[in-house]
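Enquirer: Take this structure first; my questions come after.
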Amino acid sequence: MKISERTPGHSRDRCVTYLMIRFSIIILFLIIFSCAPETKKSPEYFIETKTSFFDLRHGDLTKNQWIRSSENLKVIHESLKKFGYQNLEIDTFPNDNLFLIHGIYIKRNFKNLVDSLLISYKNPVDEKYYKEFWERRKKEKNDSIVYEIIAEIQAVLFKGKQIEYDQKFVNDTLVDLINIEFGNDKITAIQAMQDFEVLRNYGFHQSAYNMLYERSEYSDLELKRDQMKNQLTRSSEFIYPWLIDNEK
(Lines give C-alpha, C1' and ligand atoms only; values in the text may rest on other atoms or scores of the structure.)
Protein backbone atom coordinates (compact mmCIF):
# COMPACT_ATOMS: atom_id res chain seq x y z
CA MET A 1 0.00 0.00 0.00
CA LYS A 2 1.35 3.45 -1.01
CA ILE A 3 1.70 5.90 1.84
CA SER A 4 0.27 9.42 1.12
CA GLU A 5 2.78 12.28 1.16
CA ARG A 6 0.25 14.52 3.04
CA THR A 7 1.18 13.44 6.53
CA PRO A 8 -0.42 14.99 9.64
CA GLY A 9 2.81 16.92 10.25
CA HIS A 10 2.58 18.60 6.87
CA SER A 11 -1.04 19.64 7.56
CA ARG A 12 -0.09 21.19 10.85
CA ASP A 13 2.76 23.10 9.19
CA ARG A 14 0.41 24.49 6.52
CA CYS A 15 -2.12 25.57 9.19
CA VAL A 16 0.59 27.28 11.18
CA THR A 17 1.88 29.05 8.05
CA TYR A 18 -1.65 30.17 7.10
CA LEU A 19 -2.30 31.56 10.59
CA MET A 20 1.04 33.37 10.58
CA ILE A 21 0.23 35.00 7.24
CA ARG A 22 -3.17 36.15 8.47
CA PHE A 23 -1.69 37.41 11.71
CA SER A 24 0.99 39.31 9.74
CA ILE A 25 -1.67 40.94 7.53
CA ILE A 26 -3.63 42.06 10.61
CA ILE A 27 -0.48 43.50 12.21
CA LEU A 28 0.39 45.26 8.94
CA PHE A 29 -3.04 46.90 8.75
CA LEU A 30 -2.83 47.98 12.39
CA ILE A 31 0.57 49.55 11.79
CA ILE A 32 -0.56 51.34 8.62
CA PHE A 33 -3.73 52.80 10.10
CA SER A 34 -2.25 53.64 13.50
CA CYS A 35 0.55 55.56 11.80
CA ALA A 36 -1.73 57.44 9.42
CA PRO A 37 -1.59 61.18 10.08
CA GLU A 38 -4.63 62.64 11.84
CA THR A 39 -6.80 64.99 9.87
CA LYS A 40 -6.94 68.16 11.93
CA LYS A 41 -9.36 70.99 11.41
CA SER A 42 -7.77 74.31 10.68
CA PRO A 43 -8.63 76.71 13.51
CA GLU A 44 -11.51 79.03 12.73
CA TYR A 45 -11.57 82.48 14.31
CA PHE A 46 -14.52 84.85 14.59
CA ILE A 47 -15.10 88.33 15.94
CA GLU A 48 -16.02 88.68 19.62
CA THR A 49 -17.32 91.68 21.51
CA LYS A 50 -15.15 92.59 24.50
CA THR A 51 -17.39 93.88 27.28
CA SER A 52 -16.41 95.96 30.29
CA PHE A 53 -17.54 93.09 32.52
CA PHE A 54 -15.63 90.36 30.63
CA ASP A 55 -13.28 89.65 33.55
CA LEU A 56 -16.25 88.77 35.75
CA ARG A 57 -16.43 85.51 33.77
CA HIS A 58 -12.78 84.74 33.09
CA GLY A 59 -10.56 87.13 35.03
CA ASP A 60 -9.12 87.29 38.53
CA LEU A 61 -11.75 89.13 40.57
CA THR A 62 -9.27 89.81 43.35
CA LYS A 63 -7.34 92.06 40.96
CA ASN A 64 -10.29 93.48 39.05
CA GLN A 65 -10.72 97.23 39.52
CA TRP A 66 -13.90 97.59 37.46
CA ILE A 67 -15.91 95.65 40.04
CA ARG A 68 -14.68 97.92 42.87
CA SER A 69 -16.80 100.80 41.60
CA SER A 70 -20.08 101.29 43.48
CA GLU A 71 -21.88 102.03 40.23
CA ASN A 72 -20.60 98.84 38.59
CA LEU A 73 -21.48 96.79 41.65
CA LYS A 74 -25.00 98.21 41.40
CA VAL A 75 -25.17 97.22 37.71
CA ILE A 76 -24.12 93.64 38.48
CA HIS A 77 -26.53 93.37 41.40
CA GLU A 78 -29.57 94.70 39.54
CA SER A 79 -28.74 92.50 36.55
CA LEU A 80 -28.52 89.42 38.77
CA LYS A 81 -31.80 90.41 40.44
CA LYS A 82 -33.42 90.49 37.00
CA PHE A 83 -31.99 87.04 36.22
CA GLY A 84 -32.97 85.85 39.70
CA TYR A 85 -30.55 85.15 42.52
CA GLN A 86 -32.64 82.10 43.31
CA ASN A 87 -31.71 80.73 39.86
CA LEU A 88 -27.99 80.84 40.56
CA GLU A 89 -26.38 77.45 41.15
CA ILE A 90 -25.48 77.76 44.82
CA ASP A 91 -25.19 74.44 46.64
CA THR A 92 -25.12 74.96 50.39
CA PHE A 93 -24.19 72.43 53.01
CA PRO A 94 -25.93 73.60 56.23
CA ASN A 95 -24.00 71.29 58.54
CA ASP A 96 -20.59 72.16 57.08
CA ASN A 97 -18.59 75.34 56.77
CA LEU A 98 -18.75 75.02 53.00
CA PHE A 99 -20.76 76.15 50.02
CA LEU A 100 -20.41 75.67 46.28
CA ILE A 101 -21.20 78.20 43.56
CA HIS A 102 -20.53 77.33 39.91
CA GLY A 103 -17.85 74.81 40.81
CA ILE A 104 -16.04 77.01 43.36
CA TYR A 105 -15.94 75.77 46.95
CA ILE A 106 -15.88 78.40 49.70
CA LYS A 107 -15.01 77.16 53.17
CA ARG A 108 -17.73 78.94 55.10
CA ASN A 109 -21.36 78.31 55.85
CA PHE A 110 -23.15 80.49 53.32
CA LYS A 111 -26.06 81.60 55.50
CA ASN A 112 -23.81 82.26 58.49
CA LEU A 113 -21.44 84.24 56.28
CA VAL A 114 -24.25 86.47 54.99
CA ASP A 115 -25.75 86.99 58.45
CA SER A 116 -22.38 87.76 60.06
CA LEU A 117 -21.38 90.24 57.36
CA LEU A 118 -24.60 92.19 57.90
CA ILE A 119 -24.26 92.20 61.68
CA SER A 120 -20.57 93.17 61.65
CA TYR A 121 -21.15 96.15 59.36
CA LYS A 122 -23.21 98.10 61.89
CA ASN A 123 -21.75 96.42 64.96
CA PRO A 124 -18.01 95.99 64.37
CA VAL A 125 -16.55 92.77 65.76
CA ASP A 126 -13.02 91.69 66.61
CA GLU A 127 -13.08 88.63 64.33
CA LYS A 128 -10.34 89.20 61.78
CA TYR A 129 -12.23 88.10 58.65
CA TYR A 130 -15.23 90.39 59.09
CA LYS A 131 -13.19 93.29 60.41
CA GLU A 132 -10.81 93.21 57.44
CA PHE A 133 -13.68 92.63 54.98
CA TRP A 134 -15.40 95.91 55.93
CA GLU A 135 -12.13 97.80 56.26
CA ARG A 136 -11.36 96.92 52.62
CA ARG A 137 -14.84 97.96 51.49
CA LYS A 138 -14.57 101.29 53.32
CA LYS A 139 -11.14 101.91 51.82
CA GLU A 140 -12.64 101.27 48.36
CA LYS A 141 -15.60 103.52 49.27
CA ASN A 142 -18.14 100.91 48.26
CA ASP A 143 -19.15 99.62 51.71
CA SER A 144 -22.71 101.00 51.61
CA ILE A 145 -23.59 99.38 48.27
CA VAL A 146 -21.96 96.09 49.34
CA TYR A 147 -24.08 96.13 52.51
CA GLU A 148 -27.22 96.82 50.43
CA ILE A 149 -26.38 93.93 48.07
CA ILE A 150 -25.75 91.45 50.90
CA ALA A 151 -28.96 92.51 52.68
CA GLU A 152 -31.04 91.94 49.54
CA ILE A 153 -29.36 88.58 48.87
CA GLN A 154 -30.30 87.54 52.41
CA ALA A 155 -33.89 88.71 51.87
CA VAL A 156 -34.27 86.81 48.59
CA LEU A 157 -32.46 83.57 49.40
CA PHE A 158 -33.22 83.10 53.10
CA LYS A 159 -36.43 85.04 53.72
CA GLY A 160 -38.20 84.33 50.43
CA LYS A 161 -38.87 87.98 49.67
CA GLN A 162 -39.54 89.33 46.18
CA ILE A 163 -37.42 92.38 45.46
CA GLU A 164 -37.94 94.30 42.23
CA TYR A 165 -34.91 95.13 40.13
CA ASP A 166 -34.18 98.66 38.96
CA GLN A 167 -34.13 98.51 35.15
CA LYS A 168 -32.09 101.71 34.75
CA PHE A 169 -29.11 99.90 36.30
CA VAL A 170 -29.63 96.58 34.48
CA ASN A 171 -27.14 95.56 31.79
CA ASP A 172 -29.34 93.49 29.47
CA THR A 173 -26.33 92.06 27.63
CA LEU A 174 -25.04 90.60 30.89
CA VAL A 175 -28.50 89.24 31.75
CA ASP A 176 -28.82 87.57 28.35
CA LEU A 177 -25.35 86.00 28.61
CA ILE A 178 -26.14 84.65 32.09
CA ASN A 179 -29.45 83.30 30.80
CA ILE A 180 -27.73 81.47 27.96
CA GLU A 181 -25.20 79.83 30.22
CA PHE A 182 -27.19 79.19 33.39
CA GLY A 183 -30.86 79.82 32.66
CA ASN A 184 -31.91 76.54 31.05
CA ASP A 185 -31.69 73.06 32.57
CA LYS A 186 -32.73 71.34 29.34
CA ILE A 187 -31.87 73.01 26.06
CA THR A 188 -33.96 72.30 22.96
CA ALA A 189 -33.05 72.96 19.33
CA ILE A 190 -35.41 75.95 19.32
CA GLN A 191 -33.73 77.36 22.43
CA ALA A 192 -30.31 76.77 20.88
CA MET A 193 -31.26 78.77 17.78
CA GLN A 194 -32.53 81.60 19.99
CA ASP A 195 -29.27 81.55 21.97
CA PHE A 196 -27.30 81.62 18.72
CA GLU A 197 -29.21 84.68 17.51
CA VAL A 198 -28.63 86.51 20.78
CA LEU A 199 -24.88 85.86 20.59
CA ARG A 200 -24.72 86.77 16.91
CA ASN A 201 -26.69 90.00 17.32
CA TYR A 202 -24.51 91.12 20.23
CA GLY A 203 -21.36 90.38 18.24
CA PHE A 204 -20.23 87.35 20.26
CA HIS A 205 -19.45 85.35 17.12
CA GLN A 206 -16.64 83.22 18.58
CA SER A 207 -18.99 82.30 21.41
CA ALA A 208 -21.70 81.45 18.86
CA TYR A 209 -19.23 79.21 17.00
CA ASN A 210 -18.31 77.49 20.27
CA MET A 211 -22.00 77.03 20.99
CA LEU A 212 -22.39 75.20 17.68
CA TYR A 213 -19.30 73.00 17.82
CA GLU A 214 -17.57 73.10 21.20
CA ARG A 215 -20.24 73.11 23.93
CA SER A 216 -21.37 69.81 25.41
CA GLU A 217 -24.88 71.03 26.31
CA TYR A 218 -25.61 71.69 22.61
CA SER A 219 -23.70 68.78 21.05
CA ASP A 220 -26.60 66.32 20.73
CA LEU A 221 -29.05 68.78 19.19
CA GLU A 222 -30.00 68.61 15.53
CA LEU A 223 -28.94 71.99 14.17
CA LYS A 224 -27.98 73.25 10.73
CA ARG A 225 -24.52 74.03 12.08
CA ASP A 226 -22.67 74.82 8.86
CA GLN A 227 -25.50 77.02 7.62
CA MET A 228 -25.58 78.87 10.94
CA LYS A 229 -21.79 79.21 11.00
CA ASN A 230 -21.89 80.98 7.64
CA GLN A 231 -23.81 83.81 9.34
CA LEU A 232 -20.80 84.59 11.55
CA THR A 233 -18.08 87.14 10.78
CA ARG A 234 -14.57 85.75 10.66
CA SER A 235 -11.52 87.24 12.30
CA SER A 236 -7.83 86.94 11.41
CA GLU A 237 -6.92 86.26 15.03
CA PHE A 238 -8.31 84.41 18.02
CA ILE A 239 -10.25 86.55 20.51
CA TYR A 240 -10.97 84.95 23.86
CA PRO A 241 -14.74 84.32 23.97
CA TRP A 242 -17.35 84.63 26.68
CA LEU A 243 -18.51 81.06 26.01
CA ILE A 244 -15.42 78.87 26.09
CA ASP A 245 -14.94 75.37 24.67
CA ASN A 246 -16.09 72.98 27.43
CA GLU A 247 -15.61 69.70 25.55
CA LYS A 248 -11.82 69.41 25.92
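Enquirer: Which value in Å is the Kirkwood Rh of segment 147-248 over different Cα pairs?
Expert: Radius from the Kirkwood sum: 15.6 Å.
Enquirer: So what is the accessible area of segment 167-239 per residue, in Å², with the probe set to 1.4 Å?
Expert: Per residue, segment 167-239 has an accessible area of 55 Å².
Enquirer: Under a point spin-label approximation (7 Å from Cα along Cα-to-Cβ), what is the SER219-ASN112 distance to one decimal in nm?
Expert: Each label point is offset 7 Å from its Cα along the Cβ direction, giving 4.0 nm.
Enquirer: Using a 1.4 angstrom probe on heavy atoms only, work out the carbon and sulfur share of the accessible area of segment 109-150 in %.
Expert: Whole-percent figure for carbon plus sulfur exposure: 50.
Enquirer: OK, next. Multiply the residue separation of ASN201 and LEU88 by 0.36 nm, subtract the distance between their alpha-carbon atoms, and state the gained length in nm to one decimal.
Expert: 38.2 nm
Enquirer: Tell me the label-point distance for the pair ASN246, ASP226, using the 7 Å Cα-to-Cβ offset, in nm and rounded to one decimal.
Expert: Going by the 7 Å Cα→Cβ label model, 2.8 nm.
Enquirer: Moving on. Using label points projected 7 Å from each Cα along Cα→Cβ, tell me how many nm separate ALA151 and LYS186, to one decimal.
Expert: Distance between the two pseudo-spin positions: 4.1 nm.
Enquirer: Have a look at segment 109-195 and give its Rg and Dmax from the Cα atoms, expressed in angstrom.
Expert: 17.5, 55
Enquirer: Can you send over the solvent-accessible area of THR233, 1.4 Å probe, protein chains only, in Å² to the nearest 10?
Expert: Taking all protein chains as shown, THR233 has close to 70 Å².
The values are calculated or read from the model by the stated rules, or taken from the named source; none is laboratory data. Nothing here was measured: the structure is a model prediction, and the numbers come from that model. Heads up, the Cβs are rebuilt from the backbone with ideal geometry, glycines too, and the neighbour counts pull from every protein chain shown. In case anyone asks, the SASA skips ligands and DNA or RNA and just uses the protein heavy atoms, side chains included. Shrake-Rupley method; radii C 1.70, N 1.55, O 1.52, S 1.80 Å.
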